[in-house]
Amino acid sequence: GYYNATNGDLKVAKCNDATCSSVTLTTVDSAGVVGRHTSLAIGTDGFPVIGYYDQTNGDLKVVKCNDAACAPGGEIFTTVDSAGSVGTYTSMALGADGFPVISYRDETNQDLKVVKCNDAACAPGGETISTVDSGGNVGAYTSLTVGADDFPVISYWDVTNNDLEVVKCDDAACAPGGEIFTTVDSAGSVGYYNSLAIGTDGFPVISYLDSTNNDLKVAKCRNASCRD
């Protein structure tokens, strides 16, 4: 999934072979300026689900495709969060139930938020939306995955302090209370463009930009919450 800057559209590229020598291109959403900050996962049905930012309306949107290439017709579009300007820096994974969980930034309040969907398409009604971190200007460049305990772990940039932060949630929706917050790196201005995955030991590993020194850095955590 990606953004077509010329037309302000959300597009999907489906490769037809392992090297992408043949590709099916689809314009999935063209209603306004949409498709920035996309994050895609493959649902349990084998079809894509995509979170993205609707810049025209300042909303977090999700589209559930009904085929592997998101060919036009039959997709389910949902506005998941419209409280202010929300939905930048989206990062999506599927929970143990097969339903999306998405981290994103609330630009209006400069917060980190998470939504846990209660169905495969995030159809309206019943989603759990949580403000996870509101301590200053936070939540940029989010990267979310689901840990071995089936609960999310999220890396993000703390804009106020120029630090790389990690939060380990203690439930599937990151509902307030009990999260473990860790400042992973605070040496200069660090944490831009971070990307998090879980290693074979079950602990996070994070790549990110050290903007002070213009370096690529990696942090390997020694436990599930990145806290010693």
Report summary line: HN-Hα couplings for region 85-94 via Karplus (6.51, -1.76, 1.60; θ = phi - 60°), in whole Hz with x for Gly/Pro, come out as 9, 9, x, 7, 6, 5, 9, 10, 9, 9
Query - Packing rank of 136-143, 92-99, where each peptide gets the mean count of other beta carbons within 10 Å, highest leading - result: 136-143, 92-99
Report task. With an 8 Å cut-off on Cα pairs and a minimum separation of 6 or more residues, tell me the relative contact order of region 123-228 in percent. Result -> 22 percent
**Report entry** Local electrostatic count at G43 - Lys and Arg +1, Asp and Glu -1, tallied over other residues with Cβ under 13 Å
**Finding:** -4
Requested in this report: Return the aspartates and glutamates within reach of K11: Cα separation strictly under 19 angstrom, same-chain partners fewer than 8 residues apart disregarded; answer none if there are no such residues.
Outcome: D29, D54, D59, D67, E75
Query raised in the report: How large is the dipole of region 24-137 about the Cα centre if only Lys and Arg carry +1 and Asp and Glu carry -1, each at its Cβ, rounded to the nearest 20 debye?
Result: 140 debye
Query raised in the report: Considering only protein heavy atoms, what per residue accessible area in square angstrom results for region 3-60 with a 1.4 angstrom probe?
Result: 48 Å²
Query raised in the report: When only Cα pairs under 8 Å and 6 or more residues apart are kept, what is the percent relative contact order across region 1-119?
Result: 18 percent
Query raised in the report: If the cut-off is a Cα-Cα distance under 19 Å, which lysines reach K168, setting aside same-chain residues fewer than 8 apart in sequence?
Result: K113, K116, K220
Query raised in the report: Relative contact order, percent, of the chain when contacts are C-alpha pairs under 8 Å separated by at least 6 residues?
Result: 11 percent
Requested in this report: Please get the size of the charge dipole for the chain, origin at its Cα centre, with Cβ charges of +1 on Lys and Arg and -1 on Asp and Glu, quoted in debye to the nearest 20.
Outcome: 400 debye
Query raised in the report: Using mean Cβ contacts within 10 Å as the protection proxy, how do 64-76, 43-55 order, highest first?
Result: 43-55, 64-76
Query raised in the report: Quick one: Cα centre-to-centre distance for region 48-71 and region 165-228, in angstrom?
Result: 27 Å
Query raised in the report: What part of the accessible area of the chain, given as a whole %, is carbon or sulfur when the probe is 1.4 angstrom?
Result: 49 percent
Report task. Find out how many positive minus negative residues lie around D150, taking Lys and Arg as positive, Asp and Glu as negative, among other residues whose Cβ is under 10 Å from that of D150. Result -> -3
**Report entry** Residue with peak Gaussian network fluctuation, the chain [Cα springs, cutoff 10 Å], from T182, T128, T24
**Finding:** T24
Report task. First select every other residue whose beta carbon is under 14 angstrom from the beta carbon of N194; then total the charges, Lys and Arg +1, Asp and Glu -1. Result -> -3
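The values are calculated or read from the model by the stated rules, or taken from the named source; none is laboratory data. Everything numeric in this text was worked out from a predicted model, so none of it was measured. Neighbour counts are summed over all protein chains in view; Cβ atoms, including those assigned to glycine, are modelled from backbone coordinates with ideal geometry. For the accessible areas, the whole protein counts, side chains as well, though only heavy atoms, and no ligand, DNA or RNA atoms are used. Shrake-Rupley method; radii C 1.70, N 1.55, O 1.52, S 1.80 Å.
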